[in-house]
Amino acid sequence: MRPQLVVPDSGVLNKALEANRARLKKGAIYKNAATVCVIPTRGAIPAKVVQAWFGLMSPMNHPFIRLFLIGMEVGQAYTQAVEFVTSHPDLKTWPYLLTLEEDNIPPPDGLLKLIEAIDGGVDGTPYDAVGGLYWTKGEGGQPMIYGDPAVMPRNFQPQVPKLETVQPCNGLGMGFTLFRTKMLLDPKLPRPLFETRQAWNPSVGTAMFTQDLWFFNNAAGLGYKFACDTRVRVGHYDVGTDITW
């Protein structure tokens, strides 16, 4: 160490107080970020996926728990998980519910970025659900960013991902998606919340929804807003081929 004349020093962060105040507000780390992570599974989770989950960061000094649901149809699993959380005297007060599926590989800072995005820390707009960017499996995979809210009537056509931003949409997959718990408490949302539906009515035609788009279609009709955080790039692992899409 070189010779120094030591004088009182307020510190690097204090000297840039305005910039660091803005950083804290953007990251929303001063807010309650308690999160329940809901994981439907058939019972066995691939090692490559588990390894990634071990590295997933949760907000420091905030509660984070995992809730597994084994052997259920996926819509039923999510519905039962949400009903449990929203009827629990403590968990229903936690602001966030994260859905995570057994073949999804999120980046270590994925949850931190979703919390930043859902509270408007990226584009200034708060959302009710924000998901990471992942694709359906296969060479012709499609991004799970469904429908442009600026285009009416409401649709769920896959959007082309924009780079490093929060992209508004009408619906998302649920492989790595953060929901506001207070939205899930809304009694105006049709029950069951998540339902895989294939039906035909002669007067209205065909209705086909996976459990995720069933929920998002109903919630969007009540004015809730959703987005995909394309900064959060999630792998979609195929255990049969050992390929991550």
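Summary table below
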| quantity | calculated |
| --- | --- |
| Residue check for residue 152: assigned to a loop (DSSP other than H, G, I, E, B) and within 13 Å of the chain's Cα centre (by Cα) | no |
| Lone unmet requirement of (1) on the phi < 0 side of the Ramachandran plot; (2) touching a Phe, Trp or Tyr at 6+ places or on another chain (Cβ under 7 Å) for residue 87 | (2) |
| Hey, residue 125 in contact with a Cys (Cβ under 9 Å, 6 or more places away or on another chain), among the hydroxyl-bearing types (Ser, Thr, Tyr) and under 20 Å from residue 167 (Cβ atoms) or not | no |
| Test: residue in region 12-33 that is under 22 Å from residue 234 (Cβ atoms) and at pLDDT 90 or above | yes |
| Qualifying residues in region 155-177 (those that are in contact with a helix residue (DSSP H, G or I) (Cβ under 9 Å, 6 or more places away or on another chain) and assigned to a strand (DSSP E or B)) - the one surrounded by the most Cβ atoms within 10 Å (Cβ to Cβ) | 176 |
| In region 7-65, the residues that are among the basic types (Lys, Arg) and within 26 Å of residue 122 (Cα to Cα) | 15, 21, 23, 25, 26, 31 |
| Subset of region 54-73 (residues that are touching a strand residue (DSSP E or B) at 6+ places or on another chain (Cβ under 9 Å) and under 16 Å from residue 97 (Cα atoms)) | 56, 58, 59, 62, 63, 64, 65, 66, 67, 68, 69 |
| Search result, residues across region 104-149 that are closer than 22 Å to residue 217 by Cβ and either out of contact with any strand residue (DSSP E or B) (no Cβ under 8 Å at 6 or more places or on another chain) or among the charged types (D, E, K, R) (or both) | 126, 128, 148 |
| Positions within region 68-125 being over 20 Å from residue 58 (Cα atoms) and surrounded by fewer than 16 Cβ atoms within 10 Å (Cβ to Cβ), in sequence order | 70, 71, 72, 73, 83, 84, 87, 88, 89, 123, 124, 125 |
| Residue in region 98-121 that is farther than 19 Å from residue 236 by Cα and touching a Ser or Thr at 6+ places or on another chain (Cβ under 7 Å) present | no |
| Hits in region 221-234 - residues which are surrounded by fewer than 21 Cβ atoms within 10 Å (Cβ to Cβ) and closer than 22 Å to residue 77 by Cβ | 224 |
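The values are calculated or read from the model by the stated rules, or taken from the named source; none is laboratory data. Please read these numbers as outputs of a predicted model, since none were measured by experiment. Cβ: placed from backbone, ideal geometry, glycine included. Neighbour counts: every protein chain shown.
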